[in-house]
Amino acid sequence: MPNLATIDNKIFMLRNQKVMFDFDLALLYEIETKRLKEAVRRNIERFPEDFMFELTKEEFDNLRTQFATSSYGGTRYMPFAFTEQGVAMLSSVLKSAKAIEVNIAIIRTFVTLRNSILSLEEISKRVTDVEKRFPEIYNALNYLMDTDKKSIEQTERIKIGYKKI
């Protein structure tokens, strides 16, 4: 079963949504991308645009430049991008035990990412509350962080002048 880090590395932001691409999903499911796409096309009514969409040529070209090289070879069709709901729907289309196992891991990864974002938002809100309620403490902390940063810069700089022999 794939681990959280493996799946996390295959989740991308595209059109302001977290998505996974058909070729990455096929790799995780241990099937050919062609077979995954066939199953989706046979059940296309299960995949509205907020579950899955096909990349445009421009998006695909941009994606390939992010990976530096194309390991996907020549492609006649643009890849599909699946949102969290689309990945969940894949489990009803792909009926193998491997697909179910991988889907569970992927959904757990999406949930973990969402929870970490919520935690970050909560921390940010609390910091803002502290800033509003205790501006003196907030300013003092900022001053100390800036001072610490300056001292690090001072110790890392290249020394000039005469060297003792």
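The values are calculated or read from the model by the stated rules, or taken from the named source; none is laboratory data. It should be emphasised that the depicted structure is a prediction, and the values quoted were computed from it without experimental measurement. All Cβ positions, glycine included, derive from the backbone under ideal geometry; neighbour counts span all protein chains shown.
Restricting region 12-38 to residues that are surrounded by 14 or more Cβ atoms within 10 Å (Cβ to Cβ) and farther than 14 Å from residue 79 by Cα leaves a set whose member that is farthest from the chain's Cα centre (by Cα) is 31. Of the residues that make up region 81-102, is at least one of a type in the set (Asp, Glu) and in contact with a strand residue (DSSP E or B) (Cβ under 7 Å, 6 or more places away or on another chain)? Yes - at least one qualifying residue is present in region 81-102. Suppose the filter is in contact with a Ser or Thr (Cβ under 7 Å, 6 or more places away or on another chain), part of a helix (DSSP H, G or I), under 22 Å from residue 50 (Cα atoms) and modelled with pLDDT of 80 or more; does residue 106 pass it? When the stated conditions are applied, residue 106 does not pass them. Every listed requirement among (1) free of Cβ contacts under 8 Å to residues at least 12 places away in the same chain; (2) assigned to a helix (DSSP H, G or I); (3) surrounded by 12 or more Cβ atoms within 10 Å (Cβ to Cβ) is met by residue 7 save one, (1). Filter region 46-74 down to the residues that are among the aromatic types (Phe, Trp, Tyr) and at pLDDT below 70, then identify the one that is farthest from the chain's Cα centre (by Cα). Ranking the candidates gives 72 first. Test residue 25 against the criterion of being under 18 Å from residue 111 (Cβ atoms) and at pLDDT 90 or above, and give yes or no. Answer is yes for this residue. The set of residues in region 15-39 that are in contact (Cβ under 8 Å) with a residue 60 or more places away in the chain and touching a helix residue (DSSP H, G or I) at 6+ places or on another chain (Cβ under 7 Å) comprises 18, 20, 22, 25, 28, 29, 30.
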